[in-house]
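All of the numbers you see were taken from the coordinates with simple rules; none came from a lab. The structure displayed is predicted, hence computed values, not measured ones. Counting neighbours? That spans all protein chains shown, and the Cβs are built from the backbone with ideal geometry, glycine included.
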Amino acid sequence: MRFNADLGALCRSMIAVPNDLMAAAVYVGDGHIAVERVPVPEVRPGELLVEVSECGICGSDLHLVFSRYAKPGAILGHEWSGTVVAGEGAASGWTTGERVVFSPTPGCGVCRPCRRGRPSVCLQRQPSDIREMRGAFAQYIAVSSANLLRIPESLPSRVAAVAEPTAIALHAVELSGVRPDDRVLVTGGGPVGLIIVAVLRARGVADVTVCEPVALRRERALAVGAVGTVAPEDLVDPSLGGTVAEPYAVAFECSGHASAAERALGQLDFAGTLVFVGTGSEPTRVNHNRMIILELEAVGTFNYSAEGFRPALDLLDSGAMPLDALIEADAVPLSGVMEAMERLSRGEIPAKVLVEPGVS
Ligand SMILES: [Zn+2]
Ligand SMILES: [Zn+2]
């Protein structure tokens, strides 16, 4: 039986949402977010209504707000976990009360990137305009039932909410070709860089150094598993055509700053690899002579590998991740999203901040 709009309306009445309105942190324009009462999303055929438990604040959310890139009226937030509140009638057999995360659709399997094992950039992916998204900084979200994954019994919802950035990190580490005995540099010790460090450690890469300007974040990088940290100004430049004294085999650029990427390139060993993870507005200048002489590689990583979020949930559930250091202990209500974003952008909060839309 297909889940239809009538059932959506029925289920909304089942969960007693007053006047079909819910609280959401809405982008109101001019770099600002405000809590508003907005309609509970309409549940279309094939979709379920999920009550959001937690939703992480992502660097891309900061970018959408502070670069005024989002469209007014957009509800951001894509790193969420939640509970199905409208399940009866769903073709997929979901029932109310099941805890879920959203997992991306696998690639088509036939386009050129898919045939090359890169479904993360499948040509058939539905382009979604993230500038006007209806995301999870809200009490409810409507999502395709085909994209849901059950959260393992033993995994708290607040931890499952970081499945998305963990999947991103797993994909980046996989694409980098890093080996356990490689010396690795991570530039940018914010939430993304920290998860990369944790995933590297969980995958057996021991020698990980984090380059980060903010002392608080350098400290947290050690708590997450880095063996050392360095401030950007303390990295020395290499000799022309040579390497620094202790070069790195792989560098993950997670800050999104062009200067960090350029500095990371200078730290690489012969046959080293620079992995671009963090996006930014300034383009990076590449010293092509250096790339040639040292036979360096640069690789961009986007989205997730073919298995979606399943490996991320498994890793988070395995006990191998330093969750207390990766996730800030204090979650914020919707009314705290704007302040948390400002503090994150100033580097005052080192790790992942979770928003609890159901808490006022
Ligand atoms: Zn994200
Ligand atoms: Zn494809």
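Descriptive notes on the structure:
- Each residue of segment 257-268 is assigned a 3J(HN,Hα), and the resulting list reads 8, 4, 4, 5, 5, 5, 5, 4, 4, x, 8, 7 Hz, derived from the Karplus form 6.51 cos²θ - 1.76 cosθ + 1.60 (θ = phi - 60°), x at Gly and Pro.
- Full extension of the segment from D330 to Q126, taken as 0.36 nm per residue of separation minus the current Cα-Cα distance, would add 69.9 nm.
- Relative contact order of the chain, defined on C-alpha pairs under 8 angstrom at six or more residues apart (%): 19
- DSSP-defined beta bridges in the chain - what % are antiparallel, rounded to 5: 55
- By the beta-carbon count within 10 Å of each Cβ, the least crowded to most crowded order of C111, C58, fewest first, is C111, C58.
- Amide H within-cut-off set for T273, under 5 Å, with H built and near neighbours excluded: V250, A251, E297
- Averaging Cα coordinates gives a centre for segment 143-163 and one for segment 321-352; these two points are 20 Å apart.
- Exposure proxy ranking for E328, E212, based on other Cβ atoms within 10 angstrom of each Cβ and starting from the fewest, stands as E328, E212.
- Scanning the chain for trypsin sites (Lys or Arg not before Pro) in DSSP loops with at most 10 neighbouring Cβ atoms within 10 Å leaves 117-345 as the longest stretch between them.
- Other-chain or far-sequence residues with amide H under 5 Å of V230's (modelled H): V210, C211, E212
- Of the residues I327, I292, the one with the fewest other Cβ atoms within 10 Å heads the list, and the complete ranking is I292, I327.
- For I33, the residues whose amide H sits under 5 Å from its own are V28, ignoring neighbours fewer than 5 places away on the same chain, with H placed 1.01 Å from N.
- A Stokes-Einstein calculation at 37 °C with viscosity 0.692 mPa s, built on the Kirkwood radius of segment 166-300 over Cα pairs, returns a diffusion coefficient of 229 µm²/s.
- Equivalent ellipsoid semi-axes, the chain, via Cα gyration tensor eigenvalues times 5, rooted, Å: 38, 21, 18
- Simple Cβ-charge dipole of segment 253-297, Lys/Arg +1 and Asp/Glu -1, about Cα centre, in debye nearest 20: 120
- Per-residue [θ]222 nm for the chain (sum of -39500 (n - 2.57) over DSSP H runs n ≥ 4, rounded to 500): -7500 deg cm²/dmol
- Computed on segment 166-300, with alpha-carbon pairs under 8 angstrom and 6+ residues apart, the relative contact order is 23 percent.
- Judged by the gyration tensor of its Cα atoms, with axes a ≥ b ≥ c, segment 233-360 is prolate; a/c meets the 1.5 cut and a/b is the larger of a/b and b/c.
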